[in-house]
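The values are calculated or read from the model by the stated rules, or taken from the named source; none is laboratory data. All values reported here derive from a predicted model rather than from experimental measurement.
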Amino acid sequence: METRPGEILGTLAYISPEQLLGDSLDGRSDIYSLGIVLYQMATGELPFAVRTPSEALKMHREQVPTAPREIQPGLPAKLEQIICKALQKD
């Protein structure tokens, strides 16, 4: 599918920083987005409350989300580790 230059295709809350920047994508982008889904499933919340593309870019590139176990203390530590690894910026 072709898109217009500068058009963002994806849901801002789940999109990877590379996708927002228009960079080439690989499996790491999918892992990041999966980390967002896992975070939401484990905590009931999204890691970043984004409303605009510029907010999404800033939050996905610069902010570290609240640790999942701070929101859900009974969450297994290993699951938190997996989620945090998937959401690493680099």
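The rows are residues; the columns are (1) of a type in the set (A, V, I, L, M, F, W, C); (2) modelled with pLDDT of 95 or more.
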residue	(1), (2)
GLN40	no, yes
VAL64	yes, no
ALA67	yes, yes
LEU79	yes, yes
LYS85	no, yes
Those residues of the range 34-61 which are charged (D, E, K, R), over 11 Å from the mean Cα position of the chain (by Cα) and within 19 Å of LEU21 (Cα to Cα), in sequence order: ARG51, GLU55, LYS58
